[in-house]
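Scroll down for the structure; my scribbles are underneath it.
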């Protein structure tokens, strides 16, 4: 069991494991399991994961058996659990509640060798559609306020398994970074009556110095104030706060651009480990005028860590103009 | 040359290298140089660093020659440069300015083999006094608003050299995380007319569940909402916003507690890589009632990264109560 614990100064909620704390030996053990023995995400290992919540599979195949194209399962080692109530309480200066929420894994392909960027366009469309379907489904649970979709690729980016997968965490609170984005966007909007992301998109297209690639519905660029070398944002051209409201046609364009971005990264940076995080609005009935969903992709190239964590600012050794130029110049295999 | 660039939504300023951007090969090169060839921080290598700004050395020794006990030099590869003016300007939605500031290295000992925790108490006192002296000295420069003192130990914690050293970065802006702390503390103070850190200190001592060790002037504890496993904060008992106002007697107690904390970490976690960051008030004439300087130490045990960076919340697999118990139980060599 875990608890959500709040920092009384910063207002940040962390997920803290209280019942089975990882001890000094746990960290090296965790390192050892990666890449070992049988993969729980391959055909024939379906019993190694909790039962599937959602799957793409032929009508004549058995649930939790092989034959599937994509599977969504609860995380076997969840950061949060779906059962129970929140039990919000305080103790002196500290606020906390039970670690209630959902933690799911999207197994993107049965093929152990293929990474997301290797998949066919229809297969990537299936992955993004699974993101949408699961996001919408979890809205039925009134305890949950935010759905976070993200992907870790490579050991140094925090992936414990190499088989291509994404994760979904649904939370009873809106994470600090999202709250900051919402507040910052709100301030910008109050001042100018325009969405800051729409403004950024327009300026990036006009300047054309940091754009990596684009298509009818999406643009990929290295943002002006990039926190990390070769950081890439993918932004929909149409103003929309909530990713889950994406249209079927836009999913096609999103998949196409994401495949291109991953291809360019692979060529320019020799298959770097990376994380991406889908930034979207909280679960709420209204559509915010000031917010704009997008995907932030961070190749894991630098080791710098504690300093940045401690200060909230980043030292980026690679200007985004330079990164974008290199990514644009990458010759993709046809 | 670098630029300070602002995120128009989050208001975060990053340091972005614009003149000599690090390319795809740079990241592996950076990896290779670590631990190689001659150490620039040992006796006889003084010419490998820029000329010293401050040093503890016998009266009959030559500046920038051997014989010193401690040296402070400008960083040879500075993130910011001390020359020039800020040149604040905007371009569309983006705000930026020149990368003006100071970036210094505190070489803590001439002994290549010793880490900070191995040093004698008087030597650690010298290190902390150097922090104070350099902080006070840089206040003469009216362009600077914040002095950041931090230490990276171990490759995976971002240290590029193993010889024991700390860093100082003086900035023309107050970093985002510090601003958040100041605002959060202010909100807390408005509500209760008490410093939140004083409250935390009192509660930790009363509960005595997360205290690692303490002495007359300082307490070390694993905070309730710890972001990372075995995270440790060192807080002065006396309310004081600005580290640079520490008394000579308190420096002694700070050094003693820091040495004990590092000793306990070494025993409990087998010499982990770590970062520590000294959190203190901005450069300003007033003494804030609501803020309380402290040191945050983060052992680098987990790989999880992009997700936490992207969301601003942390999944901590080790409850601080468990971590504190282990650290308290560690038997120090006498």
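The values are calculated or read from the model by the stated rules, or taken from the named source; none is laboratory data. The structure presented is a predicted model; accordingly, all values stated were derived computationally and were not measured. Every residue, glycine among them, receives a Cβ derived from its backbone with ideal geometry; neighbour counts consider all protein chains shown.
Restricting A:16, A:100, A:9, A:72 to those that are farther than 30 Å from residue B:222 by Cα and crowded, with 18+ Cβ neighbours inside 10 Å reduces the list to A:72. Residues satisfying the criterion are present in region B:96-115 (criterion: within 9 Å of chain A (Cβ to nearest Cβ) and within 30 Å of residue A:203 (Cα to Cα)). For residue A:321, the stated conditions do not hold, so it cannot be described as more than 7 Å from every other protein chain (Cβ to nearest Cβ), surrounded by fewer than 21 Cβ atoms within 10 Å (Cβ to Cβ) and closer than 25 Å to residue A:145 by Cβ. Exactly one residue among B:203, B:252 is touching a residue at least 60 places away in the same chain (Cβ under 8 Å) and either within 12 Å of chain A (Cβ to nearest Cβ) or out of contact with any strand residue (DSSP E or B) (no Cβ under 6 Å at 6 or more places or on another chain) (or both), and that residue is B:252. On the basis of being in the same structural domain as residue B:169 (by TED's automatic domain parsing), within 22 Å of residue B:138 (Cα to Cα) and surrounded by 14 or more Cβ atoms within 10 Å (Cβ to Cβ), does residue B:87 make the cut? Criteria not met by residue B:87. Taken residue by residue, region A:24-47 has at least one member that is buried (at least 18 other Cβ atoms within 10 Å of the Cβ), modelled with pLDDT of 95 or more and part of a loop (DSSP other than H, G, I, E, B). Looking across region A:152-166, the residues that are closer than 17 Å to residue A:77 by Cβ and either in a strand (DSSP E or B) or without any contact (Cβ under 8 Å) to a residue 60 or more places away in the chain (or both) come down to A:152, A:165, A:166.
Taking the conditions exactly as written (out of contact with any helix residue (DSSP H, G or I) (no Cβ under 9 Å at 6 or more places or on another chain) and either at positive phi or surrounded by 15 or more Cβ atoms within 10 Å (Cβ to Cβ) (or both)), does residue B:79 satisfy them or not? Criteria met by residue B:79. Scoring residue B:240 on the criteria (1) at pLDDT 95 or above; (2) touching a helix residue (DSSP H, G or I) at 6+ places or on another chain (Cβ under 9 Å); (3) closer than 25 Å to residue B:318 by Cβ leaves a single failure, condition (3). Only a single criterion out of (1) surrounded by fewer than 19 Cβ atoms within 10 Å (Cβ to Cβ); (2) in contact with a strand residue (DSSP E or B) (Cβ under 9 Å, 6 or more places away or on another chain); (3) part of a loop (DSSP other than H, G, I, E, B) is not satisfied by residue A:194, namely (2). When region A:263-291 is filtered for residues that are at positive phi and either within 8 Å of chain B (Cβ to nearest Cβ) or crowded, with 20+ Cβ neighbours inside 10 Å (or both), only A:270 remains. Count of region B:286-332 residues, restricted to those that are under 30 Å from residue B:132 (Cα atoms), in a loop (DSSP other than H, G, I, E, B) and over 22 Å from the mean Cα position of the chain (by Cα), is 3. Can you confirm whether residue A:262 is in contact with a helix residue (DSSP H, G or I) (Cβ under 6 Å, 6 or more places away or on another chain) and in a helix (DSSP H, G or I)? Answer is yes for this residue. Do we have any residue at all in region B:98-110 that's farther than 23 Å from residue B:50 by Cα, in a loop (DSSP other than H, G, I, E, B) and modelled with pLDDT of 95 or more? No, the conditions are met nowhere in region B:98-110. If you go through region B:218-249 and pick out every residue that is crowded, with 19+ Cβ neighbours inside 10 Å and farther than 24 Å from residue A:11 by Cα, you end up with 3.
Collect the residues in region A:181-212 that are in contact with a helix residue (DSSP H, G or I) (Cβ under 9 Å, 6 or more places away or on another chain) and at positive phi, keeping them in residue-number order. Answer for region A:181-212, where residues must be in contact with a helix residue (DSSP H, G or I) (Cβ under 9 Å, 6 or more places away or on another chain) and at positive phi: there is none.
Residue count for region A:147-166 under the criterion of being closer than 17 Å to residue B:309 by Cα and more than 8 Å from chain B (Cβ to nearest Cβ): the result is 7.
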